[in-house]
Structure formats: structure tokens, C-alpha cells
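Student: Pasting a structure here, questions to come.
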Amino acid sequence: MKQSQLFSKTSKKLSESEASKNAQFLLKGGFIDKSSAGVYSLLPLGLKVLNKINTIIREEMNAIGAEELFMPSLIQKKYWEKSNRWAVDVIYKTSTNPADSEKKDFEYGLGWTHEEVVTAIATRFINSYKDLPKAVYQIQTKFRAEARAQAGLLRGREFSMKDLYSFHESKEDLDKYYEKVIGAYKKIFKRLGLKFLVTEASGGAFTKEYTHEFQVLNPAGEDTVFYCQKCGFSQNQEIYKPEAHKDCDGQIESGRSIEVANVFKLGTKFTEAFGLNFLNEKGEKKPVIMGSYGIGPTRVMGTIVEEFSDEYGIIWPENIAPFKVHLVELKGKNPSKVQKACKSLYEKLNKAGIDVLYDDRDLSVGEKLNDADLIGIPNRVIISEKTLAQKKMELKPRNSKKVSMVSEKQLIKLLQK
């Protein structure tokens, strides 16, 4: 991709109201655009990153036998009423005039979660123990009327969510799948390069057992967790009990953290509400037992920026970066010669299957290098009169100060690894 043809451009200044690092860098770098508080557009650069995060999530969900579907965001009132969640304060609702009889059924809530819809769907397909277990997931837009939409992609009113739902005939089967999902989540976050704590948290209205959150220690987070580096113990502040750590002599620490995922054992709350039952081997009717498991891909994207950045901009991990290499053309006094060399390399990189952003813009050296640091592509390659004189090009990883001079052949070999 030529940078001169990108839909978005970098910005030098932002509103002072954008305090979070991820909001500042993603807005300045042209990855997102803010429509209103907590509502963002994913621009082409940002969508490339999000799609790569989603690909990793999909691969690990598919690996544990989950099937992908896609449910509606517009959910009729009758579904929320069955689970007694029509009155929750985070739901956005359509309004209608009660006196208008033709529109009396035109009451919907925008999906902030999908337990109701997926359970209603499952009643069509699950009737026997032979139909179990089952697991389905989606990557869908969610809407929540957050009173304090803040911190960029970390707390939004409209955001992306991967929600997985599993259906089981017994608590033991749910427990096994629950642990399998935790294992899959660990693989996802390791692939994304995030260090995380599997943190015990309250079950809320769903279960008396602990649920689990995946927390990334970061000062930008809203949660506080107590944890031990030695044994891996971690509990959310809301349930923290020092005596739970009595089997380890490690030091308990506390810190701010960002919740990037959670897993719940829902039990039969929704299946009983919707009449989702099955006949067991003895022919007895039993309620299906459910689990629910969420990851916020847009929140993960914001967390990665909070974790992997410096004073100059973003430092994307290579497997989710919008491009693998940023080719920067520094024209100098002999622009045609430099431009010819850059175009030649650009074509060869594309032919080799290496995703490249080519900065062909007519800007100063400082502007180009500042933008390269801001956008955060893992490898920066400079071609200039100086490098051409050595029949080399300058290679600098974004996460390092080390600069090396390499030949075209060496560069392509390094980037193909």
C-alpha cells in the first residue's frame, strides 16, 4: 500500500479530553475516528489490526470445537423479559408510542449480550443428550449505555465482542469445557504477546462459584487485583481474601489492571427461562447447563497499545501489525534515483508476499520518521541517497534502537522469516 493513497492521515494534535494513551495514538495515527463519547469508527489501518486479532481468536475457538454464527443486534423486548433483564440500566432501547396499536410490538433492546437469543435458538436444535455438548460463538458489535465512556477503546458504548456459549448435560461436562476455554484463552493472549493473570472474580447473579477474568496489569486499567508472582494466585479486589493464599509463601502484590476476557458458568438460569431441556439416557427431562465466555477484541486492541508503545507512538507485535514493513523514501537532491529504487523494492516485497506500507509522500524527513514511529509498524526500511551510495538500505526494528545496513537480498530474507 502506498501511504499517499491511504484513506486516513496522521494528526499532530488532539483534543485535551483524550487522556488515555490508546486513544491518543490510535486517533493520531489514523487507526480510529471518534464519533462521540465511547463510539469509534475503525479506519482501514485499525480494521487491519482488528481483523488479525479476530483471526487469532477464531483459530483458537475453532480448535476447541466451537462453531461460528452471527446473531442480531436488534433484540425484541420479549427475549429480555423472559430472563428479567429488560430493566437493566445498560441497555439501549427503542421507543414507541403505547397509543399506537400498530407499533405496540416495536420495542427492542440493542444487544449488550446474547444469552437470551442463543438460548432461544438452541431450543430448536437441542432435545436429547445425543445433541450435547454444543458450543457456538460470534464476533459481534455490542452496545452498552456506559455512564462513563472513557479511556478510548478500553470502555466504549459500542464495541466488538467475541462471545462463546456452550451447552452441556452435566455440571462435570461444563467444568471440563470451562477449563478447555481457559486453555484456549491462554493461547490467544500468549499469541498476542500479552502477559495476563487468570483472576478469580464474583459470579454475580449467575453462580455462587467464582468466575474468572483475564487481567492485564496496566495503570490504565479500572480494576484492582491482588496477585502472587510465585504461584499465580490472583483475585479481583471485590472478592479478595488473604487467607485464600495461605498455601504459598510468596508476596501478595496489588495493581491496576485491564480486564480483557471473562468466563462464566451460567448454570440453568437462561435454559429454565426459555424451556431449553433435553431427555437424558433414562428418558428424564432435564434443563441444559450453560457456560458463557467473552473476549473484547477492540478492548484487546486498546490494551495492546497501552502495553506496547513509547513516547513516540505504537509498537505493534508483528503478528497483528497492519503491515510488516514500513518503506520510507527520503528523496534528497536526487529524487528520481531514490524513487526508482523504492518502487523496485516495493514491487519485490509485494511479489514476495511481504505486506508493506510505502511512504511515497512529499514530506520532510522529520515528518516521515515521526509518522513511522507513531504508526508503529515492526520494521522500518529507509532508502536515501546515502544508502544507495553504499548499495544498501537502512533497517530498524520499531522496538529497538539498533540500525543496520542490509542488502536487498538480505532484507527480503529477514522479512520472510
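Student: Within segment 399-417, list the residues whose amide N lies under 14 Å from a label point set 7 Å along Cα→Cβ of Y312.
Tutor: 399-404
Student: Which of the aspartates and glutamates could be linked to K401 by a straight reach, that is with a Cα gap under 15 Å, when you skip same-chain ones fewer than 8 residues away?
Tutor: Answer for K401, where 15 Å is the Cα cut-off: D310, E311, D373, listed by chain and number.
Student: Want the number for E347 to D131: 0.36 nm per residue separation, take away the alpha-carbon distance, what's left?
Tutor: Answer, rounded to one decimal: 72.5 nm.
Student: Further question: Please check the chain for the longest run free of GluC sites (Glu not before Pro) that are loop-located per DSSP (anything but H, G, I, E, B) and have at most 10 other Cβ atoms within 10 Å. Write out the running numbers ahead of the final one.
Tutor: Working: sites that count: E16, E281, E284, E311.
Longest run free of exposed loop sites: 17-280.
Student: Using the Cα centre of the chain as the reference point, and only Cβ charges (+1 on K/R, -1 on D/E), how large is the resulting charge dipole? Debye, rounded to the nearest 20. Can you show the working numbers first?
Tutor: Numbers: 66 positive and 55 negative charges, 398 e Å.
Dipole about the Cα centre, nearest 20: 1920 debye.
Student: How much of the pair distance distribution for segment 213-321 lies past 25 Å, counting alpha-carbon pairs only, in percent?
Tutor: 47 percent
Student: Something else about it: How large are Rg and Dmax for segment 325-415 when calculated on the C-alpha trace, in angstrom?
Tutor: 12.0, 32
Student: Hey, what number do you get for the chain at 222 nm if only DSSP H runs of n ≥ 4 count, each worth -39500 (n - 2.57), divided across all residues, to the nearest 500? Could the numbers behind the result be given before it?
Tutor: Numbers: 11 runs with 121 residues, N = 417.
It lands at -9000 deg cm²/dmol.
Student: Identify the trypsin sites (Lys or Arg not before Pro) of segment 168-266 meeting these criteria: DSSP loop state and at most 15 other C-beta atoms within 10 Å of the C-beta.
Tutor: Working: sites: K171, K176, K180, K186, K187, K190, R191, K195, K208, K230, K246, R256, K265; in loops: K195, K208, K230, K246.
Answer in residue order: K195, K208, K230, K246.
Student: Here is a follow-up. For M405 and T123, FRET efficiency with R0 = 56 Å and r from the beta-carbon atoms, rounded to 0.05? Walk me through the numbers before you get to the answer.
Tutor: Numbers: r = 66 Å, r/R0 = 1.17.
The pair T123/M405 has a calculated efficiency of 0.30.
Student: Angle check, please: helix 365-375 long axis (alpha carbons) against the longest principal axis of the chain (alpha carbons), in degrees 0 to 90, nearest 10.
Tutor: So the helix axis and the longest Cα principal axis differ by about 20 degrees.
Student: Let me ask you something else. Mind giving me the FRET efficiency for V365 and D33? R0 is 41 Å, r the Cβ-Cβ distance, nearest 0.05 is fine. Mind showing how you got there, number by number?
Tutor: Numbers: r = 28 Å, r/R0 = 0.68.
Efficiency for this residue pair is about 0.90.
Student: Once the piece of chain linking K241 and Y210 is laid out straight, how much longer is it, given 0.36 nm per residue of separation minus the C-alpha distance between them? It would help to have the intermediate numbers written out before the result.
Tutor: Details: separation 31, 0.36 × 31 = 11.16 nm, distance 1.26 nm.
That works out to 9.9 nm of additional length.
Student: I need the phi-derived Karplus couplings for segment 17-22: 6.51 cos²θ - 1.76 cosθ + 1.60, θ = phi - 60°, integer Hz, Gly and Pro marked x.
Tutor: Couplings: 6, 8, 8, 6, 4, 5 Hz.
Student: Do any of K343/K396; K21/K162; K331/K409; K34/K348; K93/K190; K93/K130 go past 30 Å between their Cα atoms, and which? Walk me through the numbers before you get to the answer.
Tutor: Numbers: K343/K396 19 Å; K21/K162 24 Å; K331/K409 22 Å; K34/K348 37 Å; K93/K190 38 Å; K93/K130 38 Å.
Listed pairs above 30 Å: K34/K348; K93/K190; K93/K130.
Student: Pop the C-beta distance of N280 and D89 into the FRET formula with R0 = 25 Å and round what comes out to the nearest 0.05.
Tutor: Working: r = 39 Å, r/R0 = 1.55.
Result of the calculation: an efficiency of 0.05.
Student: In the chain, which cysteines lack any other cysteine Cβ under 4.7 Å from their own?
Tutor: C228, C342
Student: Quick check: from the Cα gyration tensor, does segment 1-141 come out rounded (a/c under 1.5), prolate or oblate? Present the calculation step by step, with values, prior to reporting the outcome.
Tutor: Details: a/c = 2.89, a/b = 1.42, b/c = 2.04.
Since a/c reaches 1.5 but b/c is at least a/b, the shape of segment 1-141 is classed as oblate.
Student: Something else now. What is the helix-to-structure angle for 44-63, meaning the angle in degrees between its Cα long axis and the longest Cα principal axis of the chain, kept from 0 to 90 and rounded to the nearest 10?
Tutor: Once rounded, the angle reads 50 degrees.
Student: Each residue of segment 144-157 in turn: what ³J(HN,Hα) in whole Hz from Karplus with 6.51, -1.76, 1.60 and θ = phi - 60°, glycine and Pro shown as x?
Tutor: 9, 7, 5, 5, 10, 6, 7, 6, x, 7, 7, 8, x, 8
Student: Could you please state, rounded to a whole Å, how far the C-alpha centre of segment 344-375 is from the C-alpha centre of segment 213-231?
Tutor: 37 Å
Read-outs: derived from the displayed coordinates by stated rules, not from any lab. Fair warning: this is a prediction, and the values are worked out from it, not measured in the lab. Glycine also receives a Cβ, built like all others from the backbone with ideal geometry; neighbour counts cover every protein chain displayed.
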